[in-house]
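Below: the structure, in structure tokens.
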């Protein structure tokens, strides 16, 4: 029933446009009553994002199940991958919705509020993990926002490619940028020599970003 | 006229609540007609955020006037300070609005869409500056999101303190965290000795964040 309503809604949105489709049109095509629609979806907007509530719950459960000593930045990156999987499970639907959302300002606003809830869930986890830090809430908020922005940048580029290509690899790459900025260690490569030593000499007055750039170059990891 | 409408609207929002106040109530108190209201504000929501359009325009103009070789992360941080000044100019009004926005879900959604527009303006500037980088759009989106999150974390903490305290110093501090993560140099302190040399020795296999932490400690700059 729920799936039938979503399918009917999207068929009509694509044929007639979102604004021109009423809930009555959707239930008529699905062959059910109005009450059935509102049992599943509080409004017409909600049928466009049928999986977000479940996905938010999955992500929150994933974070709650974290080991106490899990590396926190890596953990929120993994939580973002939970969201990605929802999109990647059904590329055709995700691409259709992406196009629809771009066209309808009301849906764009709805999506912003959903994204905000994901970001808050990540930030809450990080705030708890950083509770002992003097600037824990600042760091938590900034890192959560960076993770969401990286995830969305990669997701949108995959959606713009019509869901072709490897969504997972694109997102991994984007999250790697956040991890390099905020201190999570990338997984050790097989060809790394752990006992090798690197010496960096720098003027004390050198700006930190120059020093980091120097080290990145030496270690063979660039963020650019 | 515009200021009188804003003042009347907030007087009624505080007395009766936002939902219970109509545009008719506002124009009656301000002593003007409905058409005058809608000449200035497309909807009741817009009267809650009367300065954002001007502020967005100011911020965009500020970025457009950047020197071509301005350090880009520092520049978007300065652009965020343009927004802060709008809030700090009128602490009482900003605190009232903050409380109202927390209570009314529709206003929260409106605010998210405004914040999104600020974030896009910062990201567009960075995308142009990073056009030659292979991952310029990713980096631009992530840094813009981090700047907005840091700004908002500091702004909210100032608003929660009822607009007491130094908004500017709080935001400077928060933006400093983003600058330290994404490569902008902090301004040189008077007590720094520019010709002093720092030597860091590290295992090649050490995660980058450990190395950076070591350097920060050595240089006497911590992000924590």
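The values are calculated or read from the model by the stated rules, or taken from the named source; none is laboratory data. Just so it is clear, the structure is predicted and the values come from calculations on it, not from any experiment. Please note: Cβ atoms are built from the backbone with ideal geometry, for glycine as well, and neighbour counts cover all protein chains shown.
With the structure loaded, tell me whether residue A:154 is under 22 Å from residue A:92 (Cβ atoms) and modelled with pLDDT of 95 or more or whether it fails that test. Yes.
For the condition more than 7 Å from chain A (Cβ to nearest Cβ) and at pLDDT below 95, what is the one hit in B:189, B:203, B:221? Give the steps one after another, and end with the answer.
Details: B:203 fails: more than 7 Å from chain A (Cβ to nearest Cβ); B:221 fails: more than 7 Å from chain A (Cβ to nearest Cβ).
Just one listed residue meets the conditions, B:189.
Could you please give the count of residues in segment B:157-171 that are within 12 Å of chain A (Cβ to nearest Cβ) and surrounded by 15 or more Cβ atoms within 10 Å (Cβ to Cβ)? Spell out the reasoning first.
Here is the first cut: in segment B:157-171, the ones within 12 Å of chain A (Cβ to nearest Cβ) are B:157, B:160, B:170-171.
Subsequent filtering for residues that are surrounded by 15 or more Cβ atoms within 10 Å (Cβ to Cβ) retains B:157, B:170-171.
So the count comes out to 3.
Of the residues screened, residue B:210 is one that is at pLDDT below 65, under 30 Å from residue B:130 (Cα atoms) and either buried (at least 22 other Cβ atoms within 10 Å of the Cβ) or at the interface with chain A (Cβ under 8 Å from one of its Cβ atoms) (or both). Taken over segment B:154-180, the criterion of being closer than 17 Å to residue A:181 by Cβ and in contact with a helix residue (DSSP H, G or I) (Cβ under 8 Å, 6 or more places away or on another chain) is satisfied by B:174, B:175, B:177, B:178, B:179, B:180. Being more than 24 Å from residue B:47 (Cα to Cα), at the interface with another protein chain (Cβ under 8 Å from one of its Cβ atoms) and at pLDDT below 95 is true of residue B:180. Of the set (1) modelled with pLDDT of 95 or more; (2) in contact with a helix residue (DSSP H, G or I) (Cβ under 7 Å, 6 or more places away or on another chain); (3) farther than 22 Å from residue B:127 by Cα, all apply to residue A:128 but (2).
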